[in-house]
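**Q** Please see the structure below; I have some questions.
The numbers here are math on the coordinates, done by the rules we state, and not lab data. These figures come from a predicted structure and were not determined experimentally. Cβ sites come from the backbone with ideal geometry, for glycine too, and all protein chains shown count toward neighbours.
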């Protein structure tokens, strides 16, 4: 397995939601490697999404250390963390977070605009990405004109726009039917295995567990179990990039 791109050591996290802090993560030790698809699973309230946000540097832990390519990220200011996320991470959220007044192409261009990519180059790159995820016929469609599976593919294309080394996905198949979920997972698996990206997925969906190289089971904010590749993992995936 490739060396770790993210390492969490002794990570704990509490939320101040009232007079007594609520602890949602306790002493998590975890590495995320390039070229693997890692899934975080567990019951609601087990800390999966909080851990995803900490690994993706959207949230800082209450205690413990998170390193990226061996460099400590704990002392970075918010502006530095924002730049780090833009450089290294792509995020895919359950709700897609697409702009309804923008076309599929324009939604992908948003990320490229943030990176300062010239407008025409950004448009060409966005269209290339959408074609690579099977949306070559829907380049100028608005989110309302797309199915849930197609909207998820736009979100994945947008996450890939900055060519991130790490993809973080929160419940990427929750709103999808079986076929659309399968196709989305085939794409994410290909990105890990053929492009050496680290892919971390939070899921409640038992239909997709066989895609994982590793599954981390969380319970009450702690790692209850670690397991390797499930049998029968899909080895075929649609072409991308």
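**Q** Could you please rank 210, 53, placing first whichever residue has the fewest other Cβ atoms within 10 Å of its Cβ?
**A** Fewest-to-most Cβ neighbours within 10 Å comes out as 210, 53.
**Q** Computed from the mean reciprocal separation of all distinct C-alpha pairs, what Kirkwood hydrodynamic radius does the chain have, in Å?
**A** After inverting the mean inverse Cα-Cα distance, the result is 18.3 Å.
**Q** What is the gain in length, in nm to one decimal, between residue 87 and residue 207 on full extension, counting 0.36 nm per residue of separation less the C-alpha to C-alpha distance?
**A** Net length gain for the segment: 40.0 nm.
**Q** Now for a separate question. Just rank 151, 226, 197, fewest to most, by other beta-carbon atoms within 10 angstrom.
**A** 226, 197, 151
**Q** Taking the Kirkwood radius as the inverse of the mean 1/r across Cα pairs, report the Rg/Rh of region 60-131.
**A** Computed over Cα atoms, the ratio is 1.07.
**Q** Taking the chain as the reference, fit the longest principal axis to its C-alpha atoms, fit the long axis of helix 148-160 to the helix C-alpha atoms, and give the angle between the two in degrees, 0 to 90, nearest 10.
**A** Approximately 80 degrees, to the nearest ten.
**Q** How high is the FRET efficiency from residue 140 to residue 196, r the C-beta distance, R0 22 Å, rounded to 0.05?
**A** Result of the calculation: an efficiency of 0.10.
**Q** Follow-up. Using the alpha-carbon atoms, what tilt in degrees (0 to 90, nearest 10) does helix 178-195 show relative to the longest principal axis of the chain?
**A** Between the helix axis and the principal axis of the chain, the angle is about 80 degrees.
**Q** Sticking with this one: Return the FRET efficiency for the residue pair residue 22, residue 178: r is the Cβ-Cβ distance, R0 is 25 Å, and the value is rounded to the nearest 0.05.
**A** With a Förster radius of 25 Å, E is 0.10.
**Q** Roughly how tilted is helix 78-88, in degrees to the nearest 10 and between 0 and 90, from the longest Cα axis of the chain?
**A** 60
**Q** Over what distance in Å are the Cα centres of region 92-155 and region 1-78 separated?
**A** About 29 Å separates the Cα centre of region 92-155 from the one of region 1-78.
**Q** Write down the radius of gyration of region 1-106 and its Dmax, each obtained from C-alpha positions, in Å.
**A** 15.4, 47
**Q** Fewest first, what order do 87, 48 take by the number of other Cβ atoms within 10 Å?
**A** Going from sparsest to densest Cβ surroundings: 87, 48.
**Q** Counting pairs of Cα atoms in region 87-187, how many percent are more than 15 Å apart?
**A** When every Cα pair of region 87-187 is considered, 57 percent fall beyond 15 Å.
**Q** Next up: For residue 102 paired with residue 131, estimate the spin-label separation in nm (one decimal), with each label point 7 Å from Cα along the Cα-to-Cβ line.
**A** That separation, rounded to one decimal, is 2.1 nm.
**Q** Tell me, what is the FRET efficiency for residue 147 and residue 44 to the nearest 0.05, using R0 = 22 angstrom and their Cβ-Cβ distance as r?
**A** 0.25
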